[in-house]
Structure formats: C-alpha cells, structure tokens
Amino acid sequence: MPTTTTRTTARTAAARSAAAASSRRGELAAFLRLRRERIAPEDVGLPAGPRRRTPGLRREEVAERAGVGVAWYTWLEQGRAINPSVQVLDAIARALLLDAAEREHLHRLADVPGAAPSPPAPQPPPGALPPEAQTILDSLTPLPASMVSARYDVLAFNDAYAALDPRMAILPPSERNVMWRLFTADAESQPLVDWKCEVAFMVSHLRGEYGRRLGDPHWRAYIRKLSDASPLFAEMWARHEVSAPVTHRKRFRTVYGDEVAITATGFTTTAAPGTKMWIYTPADENAVRAIDELLCRFREIGAAGMVAAATR
C-alpha cells in the first residue's frame, strides 16, 4: 500500500507534469498565432480583401489549407489539451509556410512522440569543460575561437578571441554571457557592427533551444532575467521567431573602433556535449592583418591593457 510520502511525491510529480504541459501548450498557441499573423493572404494566393481586421491569415484559412476542422485548429491555437498527430502537424506547418527549424520547433512544442530529437545534453558550467577543449581552441590560433553553451555562456576561448573581444575576456567567468552583454552593455562597448540583425538571429536561435528545455527552471530564470533587464530583448523574445544556427558573415568592432569582417562557423563536439565551438575566419586580407595585430597587442599588454588603452 502506498505510503503518505509516496502519495505526496506522486502528486508533486503529477502537478509538475501538468504545469509543464500547460506551459508547452501556451508556447504552442503563441507560436501558431504569430506564425499565422505574419503571412499575407497574397503569399498563399488569397485576395487581401477590404474587411480584414487582423494581420495575416484567418484561422479558418489556415484550417482549410491544412485540411483540418476550424474548431479543432482554434482549440490548438487557444492552448487546449488536444493531441495532434505528426501528419496533422506537418499539414499545419505547410499551411503556415514554416521552414525546417520552425517545423521541428512546432513538433517539439506539440510534444509529439518520435517527432522531436532526443533531449539535449546538460549544459556544462564554466570551468567544467574537458582539458582537450582548451587544447583544441589554442591550436586554432590565429583564428578566434570559443566554446559557447546553448544559452550563449562563453565557456572557453583562445588568445585570438580574447584579442578580438577583450571586454568579454576581462569579465569574471560567471558573467561571460553573449546575450547579456549585447542587450545590457552601452553602445560604445558593443562588439557587433550589424547589431540589430545579429541579435535577431541569436534570439531566434535561443528560442529554438528554449523549446527543448521548457521545463528547466534555470532556463526560465535566465529568460526572465534578460527580459527584466532589457525591454528590447523582451519584445524580440515575444515574437517567437525560431531559426537554426548557420555559418554566416558578421562584422566586429574592435576595442580600438576598427571594423573586422569574419565568417562565423559553429561545430558541435563530443568533447563538450551541449555546446558549440564557434570559429571566426577572417573574411578578407584586411581582417587577417587586423586580427594578427590585435593578437600581438593582446600578448604584449593583455586584455585589460587593451581595454584601458582604448579608453584613454
């Protein structure tokens, strides 16, 4: 016969499961609504019409395109406890013109068995990386390289990365978070030239990673802290944009105010599950020279010296 402790534990587990399911349905409802509102009728061959009072498609139009009942789709968008199949979700994804990353996110939020990949690896804390991770980073010099968690914590980096962004290098390990810095630092110390475009991409990637960890209290606290600190982050987060990380070109502003164009490429590694190694390849000869000069300067006076010299 179950003991009182066993029954209490079972009730607690059931309550947590119900709360997680409710949170997941809320995320799904918001995601569907926002994806529906971004589609112009003419994008799918429908007349715009003079009497549309809301942006995007109507619910009945999405339901018709997906081949499902209007009431059923409405319940799904309202966050009710219904269980769509993989086939129905794929039909909705096609109706909403979702890309591969958005389709995967949709399946994950709907908690369809077998539709989503296995749970993500736990995120290692700063300083917990295996020693070979730092060896790999160091061997990549003079290419700037770092190990970054799914939450954009900078866990390790090489000298070239520290030379390219010494303000990040001088922070205590527990405070080296790219998103926090980008959304809370003053304009003079921002390292990205195309700030708005780059952070939009990063927030959409973060949203996808968050979808894998909806029940994680540490992630919820992290998002809440960022939202409280930055109204702009809160606004971008509320859009529910989702994307996968891709190789792309970006421009850094060095501590001395010069611009450096690099190509950012991310790699996963079995040495540190749950993280990505980002390698920055100079995009042109000017960038090669600039990074070499920064690296020499870093090795002469260190990151703190570079920051101090730049503020004189």
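Here, each number is a calculation from the coordinates, and none is a lab measurement. Bear in mind that the values here come from a model prediction, so they are computed numbers and not experimental data. Cβ placement follows ideal geometry from the backbone for every residue including glycine, while neighbour counts extend to all protein chains displayed.
Mind giving me the nanometre distance, one decimal, between the label points for ARG58 and LEU171, set 7 Å out from Cα along Cα→Cβ?
Each label point is offset 7 Å from its Cα along the Cβ direction, giving 4.8 nm.
Please compute the length gained on full extension between GLU235 and ARG312, using 0.36 nm multiplied by the number of residues separating them and subtracting their Cα-Cα distance.
Going from the current span to full extension adds 24.1 nm.
Local charge sum around ASP138 (other residues, Cβ-Cβ under 12 Å, Lys/Arg +1, Asp/Glu -1)?
Neighbour charge sum, excluding ASP138 itself: -2.
What spacing in nm lies between the two simple spin-label points modelled at GLU259 and GLN87, each 7 Å away from Cα in the Cβ direction?
Label at GLU259, label at GLN87, 5.3 nm between them.
At R0 = 22 Å, how high is the FRET efficiency between LEU34 and ALA187 if r is their beta carbon distance? Nearest 0.05 is fine.
After rounding to 0.05, the efficiency reads 0.15.
Can you sort HIS105, HIS240 from fewest to most other Cβ atoms within 10 Å of each residue's own Cβ?
Exposure proxy ranking, most exposed first: HIS240, HIS105.
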